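All remarks here apply to the structure that follows.
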Amino acid sequence: MITIKSEAQIEKMRAAGALLRRVEDALAAEIRPGVTTMHLDQLFERLVREAGGIPSSKNYHGFPYSICASVDMQVVHGFPSEEPLRQGQLLSIDGTLILDGWQADSAFSVVVGGGNDQAQRLIDITQECFWIGAKMCRPGVKLGDISHAIQMHAENNGCGVIRDLCGHGIGQEMHEDPNVPNFGTPGRGVRLQKGMTFTIEPMISLGDWRVYVEDNDWTIVTRDDSLAAHYEHTLLITDGEPELLTYPGVSVSEVHP
């Protein structure tokens, strides 16, 4: 069931989103060759708890860490480790938290230390997919139109759209209705309404869309070992342009005119 949030509930989601943004900015500033993803995981948990929040990925259906840290061909749900990051690796961080009973969810990808043009191009395309989709998020638009636009941008740039995973509604639960695929057919799906909150999160590869799950039963990897990137924000549908709950103070039109 899709829930329409009240203004009081939205205000709590704004606070959760602002906290997640601050914490993920702190993690991004730490990413460089030699740093471990376990360090980033521990930093995320410490900063969230110090601010009165809870890292909601930790122990979610048994997931053992506070963030998902996915490297190179890992799409999502990568386990943090003590292995030092290397120059040029593609790292995706996905963080979720609860503040005062309400969830926020956001993900970003970076090239560790820079110097990998192929990986950076993929990250740029993945981010563009998000902003193209976000720009369309207005009352009356159908989700299939957004999904199709994301798919077309990725595929027109020679990239694969991961089909086994999608964005989702969010509120007091991390995953609510509706599902928000990154591929689809125009004119189909749920029609957006003011007060809906959900994530758009393109997961894009440099190769094929097919994936498999590693032996840890969590980490999802491209079947052809191609690089994958992930970008995500939590959005609120308003009367006009959507509000980015996990990118406060930034409008969609400013980033993607």
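The values are calculated or read from the model by the stated rules, or taken from the named source; none is laboratory data. Please read all numbers here as calculations on a predicted model, not as lab measurements. Positions of Cβ are backbone-derived with ideal geometry, glycine not excepted, and every protein chain shown enters the neighbour counts. Quick note on the areas: whole protein, heavy atoms, side chains included, nothing else; ligands and nucleic acids left out. Shrake-Rupley method; radii C 1.70, N 1.55, O 1.52, S 1.80 Å.
A few points about this structure:
- For LYS194, a cut-off of 18 angstrom between C-alpha atoms picks up these aspartates and glutamates, skipping any fewer than 8 places away in its own chain: GLU7, GLU11, ASP145, GLU176, ASP177, ASP239, GLU241, GLU243.
- Of all segments of the chain bounded by trypsin sites (Lys or Arg not before Pro) found in a DSSP loop with no more than 16 other C-beta atoms within 10 Å, the longest spans 1-85.
- For GLU232, the accessible area of its heavy atoms, probed at 1.4 Å with every protein chain present, is near 0 square angstrom.
- Estimated 222 nm signal from helices in the chain, with DSSP H stretches of n ≥ 4 weighted -39500 (n - 2.57), rounded to 500: -9500 deg cm²/dmol
- Placed amide H near CYS159: partners under 5 Å, 5+ positions off or other chain: none
- Here the chain is treated with +1 on each Lys and Arg Cβ and -1 on each Asp and Glu Cβ, and its dipole about the Cα centre works out to around 560 debye.
- Taking amide H as placed 1.01 Å from N in the peptide plane, SER106 has its amide H under 5 Å from the amide H of GLY95, each at least 5 places away in sequence or on another chain.
- Whole-number percent relative contact order across the chain, with pairs defined as alpha carbons under 8 Å at least 6 apart: 22 percent
- Magnitude of the charge dipole, segment 90-198, Cβ model with Lys/Arg +1 and Asp/Glu -1, debye to 20: 480 debye
- Across all directions, the average flat footprint of the convex hull enclosing the Cα atoms of segment 56-212 is 9.8 nm².
- Cα radius of gyration and Dmax for segment 123-257 (Å): 14.5, 45
- Using the Cβ-Cβ distance between ASP217 and SER253 with R0 set to 45 Å, the FRET efficiency works out to roughly 0.65.
- Cross-link reach is defined here as a Cα-Cα straight distance under 23 Å, omitting same-chain residues fewer than 8 places apart; for LYS58 the lysines meeting it are LYS12.
- For HIS168, nonlocal amide neighbours, meaning residues 5 or more places apart or on other chains whose placed amide H falls under 5 Å from its own, are VAL180, THR199.
- Sparse packing (at most 10 other Cβ atoms within 10 Å of the Cβ) combined with a DSSP loop state is found for the following GluC sites (Glu not before Pro) in segment 43-139: GLU82.
- Charge context of GLN172, other residues only, Cβ under 12 angstrom, K/R +1, D/E -1: -1
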